[in-house]
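See structure below.
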Amino acid sequence: MTGDTCDLLCLDLPKAEAMRDALPAPAALDDAAAAFRALGDPTRLSVALALAVGGAACVCDLGWVVGRPEKLVSHHVRQLKAAGLARSERQSKMVMYELTDAGRALLSRPYWGLR
């Protein structure tokens, strides 16, 4: 092996076919990549993780939790909503945000160490 390529063709066809068959369809990969890109900003990621830990919250609470201005947090929760990772619900004069099932699934990985 030279660098990152093989010097000879050693394809394990049954294994390679199983791996290929297990991959999502291209459209599903596009959706997944968009969801991961939505978490690519540190503020947006911290907002999403806060929602994963605490459940529904308003922008003013989220701003305090992540230590960022409310206007900035508002911008980021809108982007999480656009990516399908969060949703909002008006409760009287407040708007509460929470993760969608897709958002919870994406953030439920052991990597995050969430409780």
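The values are calculated or read from the model by the stated rules, or taken from the named source; none is laboratory data. Here the structure is a predicted model, which is why all the values come from computation and not from measurement. Methodologically, a virtual Cβ is constructed for each residue, glycine included, from the backbone with ideal geometry; neighbour enumeration extends over all protein chains shown. Side chains are part of the model used for accessible areas, which takes the heavy atoms of the whole protein and leaves out ligands, DNA and RNA. Shrake-Rupley method; radii C 1.70, N 1.55, O 1.52, S 1.80 Å.
Per residue of the chain, the DSSP helices (runs of n ≥ 4 H) give a summed -39500 (n - 2.57) that works out to -16500 deg cm²/dmol at 222 nm.
The packing ranking, built from the mean of other Cβ atoms within 10 Å per residue, places the peptides 34-42, 50-58, 74-82, 9-17 in the order 74-82, 50-58, 34-42, 9-17, highest first.
This model, with +1 at the C-beta of Lys and Arg and -1 at the C-beta of Asp and Glu, gives the chain a dipole about its Cα centre of some 740 debye. Report the FRET efficiency, 1/(1 + (r/R0)^6), for residue 93 and residue 72, where r is their Cβ-Cβ distance and R0 is 25 Å, rounded to 0.05. Efficiency at R0 = 25 Å is approximately 0.75.
Counting only Cα atoms, the size of the stretch 68-112 along its three principal axes is 35, 22, 16 Å, in decreasing order. Which entry is the computed semi-axes √(5λ) of the Cα gyration tensor in Å for this structure: (i) 30, 18, 10; (ii) 20, 16, 15; (iii) 38, 15, 12? Answer by label: (iii). Distances between placed amide hydrogens fall under 5 Å for residue 56 paired with no residue 5 or more residues away or on another chain.
Here the simple spin-label model places points 7 Å from the Cα toward Cβ, and for residue 43 and residue 104 these points are separated by 2.8 nm. Expressed in nm to one decimal, what extension gain is obtained for the pair residue 8 and residue 25 from 0.36 nm per residue of sequence separation less their Cα-Cα distance? Value of the extension gain: 3.2 nm.
Taking all protein chains as present, what is the carbon and sulfur share of the accessible area of the chain, in % to the nearest whole number, probe 1.4 Å? Summing carbon and sulfur atoms, their accessible area is 58 percent of the total for the chain. For the stretch 4-77, the solvent-accessible area with a 1.4 angstrom probe is 69 square angstrom per residue.
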